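See structure below.
The values are calculated or read from the model by the stated rules, or taken from the named source; none is laboratory data. Please read these numbers as outputs of a predicted model, since none were measured by experiment. Here the Cβ is made from the backbone with ideal geometry for all residues, glycine too, and neighbour counts use every protein chain on show.
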């Protein structure tokens, strides 16, 4: 039986994104892209999209999480970046400090909650 509990980390990320639940994901993308203060302004985009051919062992997953979190730490538009990616239905990449595979899991939860109209009431269960 799958575990449908939302973790503390996932809840924190959903709370960040839920503030923008009524926004347009593409408008958020433009806001982030146009903000020269963003941490990724001088960073090649491929940094946020790990090579799918790489070994996805637990050690590399942890390293990816830490690398993306560090890159985005303190970014003034990280919340908008994460929310925009979730609202646009992005399926892959590192967004707003959330790397792989966490972003994919978060995206599935976000879609379910949004479809059910429960995004703003983020509870303890995803199902």
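Does the range 81-99 include one or more residues that are at pLDDT below 95, closer than 17 Å to residue 8 by Cα and in a loop (DSSP other than H, G, I, E, B)? There is at least one residue in the range 81-99 that is at pLDDT below 95, closer than 17 Å to residue 8 by Cα and in a loop (DSSP other than H, G, I, E, B).
Filtering the range 50-73 for residues that are outside any helix (DSSP H, G or I), farther than 16 Å from residue 10 by Cα and at pLDDT 95 or above leaves a non-empty set.
Only a single criterion out of (1) touching a residue at least 40 places away in the same chain (Cβ under 8 Å); (2) surrounded by 15 or more Cβ atoms within 10 Å (Cβ to Cβ); (3) assigned to a helix (DSSP H, G or I) is not satisfied by residue 9, namely (2).
Taking (1) in contact with a helix residue (DSSP H, G or I) (Cβ under 6 Å, 6 or more places away or on another chain); (2) surrounded by fewer than 18 Cβ atoms within 10 Å (Cβ to Cβ) in turn, residue 95 satisfies each apart from (2). When residue 37 is tested against (1) under 30 Å from residue 118 (Cβ atoms); (2) touching a residue at least 40 places away in the same chain (Cβ under 8 Å); (3) surrounded by fewer than 19 Cβ atoms within 10 Å (Cβ to Cβ), just one condition goes unmet, and that condition is (1).
With the structure loaded, tell me whether residue 115 is over 17 Å from residue 13 (Cβ atoms) and free of Cβ contacts under 8 Å to residues at least 60 places away in the same chain or whether it fails that test. The answer is yes for residue 115.
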